[in-house]
Amino acid sequence: MSDSYLQLVNSVPAGRVAKALGLPLPVPLRRYQSGAPLIPGPVLVLGNGAGADTVAEVLLGWNQDVRRHAQPKERIGAVIAVLDSVTHPDALSAVMLELGQSIRQLARGARVVSVSRTVAGTVDPAEAAARRAVDGAVRSIARELRGGATANGIVLGDGVGIDTTSAVGALRFLLSGRSAFVNGQFISVTSDRGELPAVVAKPLAGKIAVVTGAARGIGAEIASVLRRDGAQIVVVDVPAAGEQLMKVANQTGATALQLDITRPEAAQRIIDHVRDRHGQLDILVHNAGITRDKLLANMDEAKWNQVIAVNLAAQLAINAELLESTVFSDIGKIVCLASTSGIAGNRGQSNYAASKAGVIGMVECTARVLDGGNRTINAVAPGFIETEMTARIPFGTREVARRLSSLQQGGLPVDVAETIAFLATDAAGGINGQVLRVCGQSLVGA
Ligand code: NAI
């Protein structure tokens with residue numbers, strides 16, 4: 001499904017008319033392209049503490065052009081506000097105001113990234129206030145940016161250094177085109193685990209990944225992005241989607257497993273397939289999902305039960321067996337598809353929102369069980385994504401849903417896939433139990 005309004009307003013005459021009428025002006029987003037620069041211009045690192053020096057060193061190590069103060073009239077590719085050592089709200093103003101001064105100099109598709117610390121790590125109310133204040137500021141900046149620029153933050157856990165693998169991995173992800181539709185969000189780095197990839201361009205080289213619901217839509221794109229990043233894939237979908245599944249398998253060099261994930265033998269079938277064909281499993285992406293929308297007053301048992309069975313109960317059952325299995329790697333990663341509906345609720349989707357909120361509960365609890373080991377589980381919560389599912393939404397509702405985000409457009413399946421691919425890397429090994437929204441900072445769930 002393409003967004004014809006976005007194409008129209010990016011043509012010269014229509015764009016002028018839209019601007020004059022005060023209509024939304026979405027722009028094509030800066031997405032990952034092999035060989036393209038990581039950032040579209042110099043990076044401004046703000047903050048006076050040791051953390052800012054460390055971030056500047058990391059960027060220099062990536063051959064980036066680093067500035068500690070904005071140069072007049074220079075276009076800036078990214079601003080990083082390093083606020084990991086603030087102990088009082090008064091300490092925020094210098095960095096925030098300098099950041100404000102640089103906003104008009106941001107290039108198209110620029111990135112603003114804050115680095116701060118978790119509120120949970122302090123018992124000092126003023127320090128906690130300062131740390132939490134960063135969230136409010138960054139979420140607001142994300143709403144003020146234009147030209148496809150985004151603002152997000154990295155929140156360091158208690159005792160987690162700014163130069164730990166996952167903090168550095170999260171910084172690279174947020175600066176890159178891979179995070180194009182992630183906006184107004186925070187990535188919490190919960191431990192100093194994780195490893196940087198040997199080859200930056202192929203962060204999943206040597207990994208085996210299972211993707212459920214991969215015959216079309218977001219699942220097919222996840223398979224393609226994981227493949228691009230070096231993983232070998234197993235694509236799973238219902239037998240009725242067998243032909244489409246084979247197409248995806250052929251395109252991604254994957255092996256295919258025709259399977260209804262709600263079957264009692266589903267976990268064992270996945271384990272057996274992976275053991276026989278690939279030896280081990282490193283990444284499991286629980287993407288398969290369905291909607292059966294009805295107001296609760298009109299909901300029948302079948303519609304409620306089917307949605308819970310596919311979107312939630314199947315994930316629970318497969319995880320339970322997989323986590324006991326020796327096939328699942330000691331540093332295995334599970335990434336689950338939630339939804340902004342599961343965070344904010346949505347009219348006509350009580351069954352779907354229950355299933356997706358349930359996924360978040362499952363992820364948070366399972367992460368606590370995994371804590372202390374090297375396996376992780378996280379969720380990605382997409383907002384409005386251009387797929388066959390959302391193409392079926394009536395035009396008016398669809399148009400409103402698209403424009404009600406800070407980026408004024410729907411995301412593409414590749415945006416969800418890029419975020420999942422990041423959480424599946426060993427560089428994200430210190431990120432556990434998190435829910436990352438890929439929604440362009442949608443007002444839904446705000
Ligand atoms: P889709 O309907 O295009 O694809 C879902 C795939 O899952 C289909 O290929 C389907 O055959 C498969 N599937 C369904 N039941 C299955 C079962 N029992 N066993 C195995 N495979 C099964 O959906 P889309 O849009 O690609 O969504 C993918 C995931 O992202 C879902 O979990 C969905 O809830 C979630 N999501 C999508 C959003 C969007 O805007 N498209 C927004 C938020 C979340």
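Only one of the listed residues (S93, S34, S2) is hydroxyl-bearing (S, T, Y), out of contact with any Gly (no Cβ under 8 Å at 6 or more places or on another chain) and at pLDDT 95 or above. That residue is S93. May I ask you to list the residues in segment 309-318 that are open to solvent by less than 40 Å² (accessible area, probe 1.4 Å) and either more than 16 Å from the ligand (Cβ to nearest atom) or aliphatic (A, V, I, L, M) (or both)? Correct list: A309, V310, L312, A314, I318.
If you go through segment 422-446 and keep only what is surrounded by 24 or more Cβ atoms within 10 Å (Cβ to Cβ) and part of a helix (DSSP H, G or I), you end up with F422, L423, A428. For segment 400-416, the set of residues classified as touching a Lys or Arg at 6+ places or on another chain (Cβ under 8 Å), in a helix (DSSP H, G or I) and open to solvent by 20 Å² or more (accessible area, probe 1.4 Å) consists of V414 only. For segment 388-410, taking the residues that are modelled with pLDDT under 90 and near the ligand (Cβ under 10 Å from one of its atoms), the one that is nearest to E324 (Cα to Cα) is identified as M389. Selection of segment 371-387 for residues being within 6 Å of the ligand (Cβ to nearest atom) and either hydroxyl-bearing (S, T, Y) or assigned to a loop (DSSP other than H, G, I, E, B) (or both) yields F384, T387. Annotation: of all residues in segment 240-270 being acidic (D, E) and outside any helix (DSSP H, G or I), the one that is surrounded by the fewest Cβ atoms within 10 Å (Cβ to Cβ) is E265.
Among the residues of segment 206-239, those identified as under 19 Å from the mean Cα position of the chain (by Cα) and assigned to a strand (DSSP E or B) are A209, V210, V211, T212.
Pairs meeting the criteria (first residue in segment 1-21 and in the same structural domain as L412 (by TED's automatic domain parsing) and more than 19 Å from R402 (Cα to Cα), second residue hydroxyl-bearing (S, T, Y) and open to solvent by less than 90 Å² (accessible area, probe 1.4 Å), beta carbons under 7 Å, at least 6 apart or on different chains) are lacking. The condition (being farther than 18 Å from C336 by Cα, away from the ligand (no atom under 16 Å from the Cβ) and basic (K, R)) is satisfied by just one residue among R277, R263: R277.
For the residues T390, T419, T366, T397, the requirement of being under 15 Å from the mean Cα position of the chain (by Cα), among the polar types (S, T, N, Q) and assigned to a helix (DSSP H, G or I) singles out T419. Residues in segment 94-130 that are open to solvent by 60 Å² or more (accessible area, probe 1.4 Å) and either farther than 14 Å from L44 by Cα or of a type in the set (A, V, I, L, M, F, W, C) (or both): A94, L97, R108, A120, V123, D124, P125.
To keep it simple, each residue is scored yes or no on (1) charged (D, E, K, R); (2) touching a Pro at 6+ places or on another chain (Cβ under 8 Å); (3) free of Cβ contacts under 8 Å to residues at least 24 places away in the same chain; (4) not assigned by TED's automatic domain parsing to the domain that holds I141.
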{"site": "L322", "(1), (2), (3), (4)": "no, no, no, yes"}
{"site": "S325", "(1), (2), (3), (4)": "no, no, no, yes"}
{"site": "K333", "(1), (2), (3), (4)": "yes, no, no, yes"}
{"site": "G345", "(1), (2), (3), (4)": "no, no, yes, yes"}
{"site": "S355", "(1), (2), (3), (4)": "no, no, no, yes"}
{"site": "A381", "(1), (2), (3), (4)": "no, no, no, yes"}
{"site": "V400", "(1), (2), (3), (4)": "no, no, yes, yes"}
{"site": "R403", "(1), (2), (3), (4)": "yes, yes, no, yes"}
{"site": "S406", "(1), (2), (3), (4)": "no, no, no, yes"}
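Checking each residue in segment 345-394 for being crowded, with 24+ Cβ neighbours inside 10 Å, small (G, A, S) and closer than 21 Å to V182 by Cα picks out A379, A381, G383.
Among the residues of segment 271-299, the ones that are acidic (D, E), assigned to a loop (DSSP other than H, G, I, E, B) and open to solvent by less than 30 Å² (accessible area, probe 1.4 Å) come to 0 in all.
Scanning segment 134-148 for residues that are surrounded by fewer than 18 Cβ atoms within 10 Å (Cβ to Cβ), under 17 Å from V95 (Cβ atoms) and in contact (Cβ under 8 Å) with a residue 24 or more places away in the chain turns up D135, E144.
The values are calculated or read from the model by the stated rules, or taken from the named source; none is laboratory data. In this text the structure is predicted, and so the values were computed from the model without any measurement. When we count neighbours, we look across all protein chains shown, and the Cβ atoms used for this are built from the backbone with ideal geometry, even at glycine. What goes into the accessible areas is simple: the full protein's heavy atoms, side chains included, and nothing from ligands, DNA or RNA. Shrake-Rupley method; radii C 1.70, N 1.55, O 1.52, S 1.80 Å.
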